[in-house]
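Since the structure comes first, as structure tokens, the remarks are kept for the end.
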Amino acid sequence: MQDLFVFIVNARIGEKRIAELTQAIQYTFGTNGYKIFQTEYSGHAKDLAIQFVNEGVQNIVAVGGDGTVNEVIQVLAKKDITLGIIPTGSGNGLARHCKIPLKMNEAVALLKTGKPALIDLGKINDVYFISNAGVGFDAVVCNTIKQTKSRGLKMYIRKVIQHYFPYKVDTYTIHIDGKEFKQKAFFMNVANGKEFGYGFEIAPNATLQDGLLDMIIVKSINPINGFKFVIDGWRKKLTTNKNCIYQRGKKIRIEGEQLIYFQADGDAHDCNTICEIEVHENALQIIVPSSSNSL
């Protein structure tokens, strides 16, 4: 099964896009060398990945958004298996960072023309992440999104507005590579990659291959500095934003009285006032464009 490509498809992308995917796969692969499986329930992508790893499959392709990719990497982390990505989500932060095409036929073709590259993974408590993990307001928003069926930028903005006013800012105790400090923050994000999604770069200096995590602490958000925060993120200039604190490190510990959720690649998880975060170097092999020199 060395040359077999197994596609794990998030069925929520819809029948039209699945038909488009099937056509693109047939055009690139012909009639052999691949199998396509659709998810049937939440968490099924992870279960399918476990099954295929146990069967000896060496090439697994995640078709969906960052959440689908995140499910699959929980299984592929630190294994000698190659991950391909066909980005069909709304944010597609990882694909944008790695220059994986957002057009489906081009992303499928990349599986044949691209090259494998080793990248770092982050881990928050017991959950791996590729792009970023966070606590505070963005984790609260992600938790509410988890309970809805809709997705997309408009829905995300709607949830942000809905939860902004009742949200209470917490003061956190933060440890970065042994150094401790306290900071009041609206939210904090620990990034392995640059992208937050939708082209917004939460950590413009981050790379997937430096053995470090980039931490951004957003002290407060109001209508004035919030607008500048968004603009700076899209202009790749958040490192100069006066309302943000940047730190870098390998191991990060965050403690907060209101810390009951964290998000990893946009999916919310429960926690109990503490998050332990660390980088795992060269933990995942991913297919990227052959022209990529660094990630």
Residue order, fewest to most beta carbons within 10 Å, for TYR128, TYR198: TYR198, TYR128
Point-to-point label distance, TYR198-TRP234, nm (Cα→Cβ direction, 7 Å offset): 0.9 nm
Span from the segment 206-242 Cα centroid across to the segment 28-80 one, whole angstrom: 32 Å
Additional length obtainable on full extension of the chain from THR113 to SER290, 0.36 nm per residue less Cα span: 63.0 nm
Helix 44-54 axis, angle to the chain major axis (alpha carbon atoms, nearest 10°): 60 degrees
Helix 153-164 axis, angle to the chain major axis (alpha carbon atoms, nearest 10°): 20 degrees
Segment LYS242-ALA77, length gained on full extension (0.36 nm per residue, minus Cα span): 55.8 nm
Amide proton proximity set for TYR172, modelled H, under 5 Å, gap of 5+: GLN183, LYS184, ALA185
Exposure proxy ranking, count of Cβ atoms within 10 Å, fewest first, for GLU40, GLU281: GLU40, GLU281
Estimated dipole of the chain in Debye, rounded to 20 [Cβ of Lys and Arg +1, of Asp and Glu -1, Cα centre]: 1020 debye
Sorted by Cβ neighbour density within 10 Å, fewest at the top, the residues MET215, MET188: MET215, MET188
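Any read-out appearing in this document is the output of simple, stated calculations on the displayed coordinates, not a laboratory observation. Please read these numbers as outputs of a predicted model, since none were measured by experiment. Please note: Cβ atoms are built from the backbone with ideal geometry, for glycine as well, and neighbour counts cover all protein chains shown.
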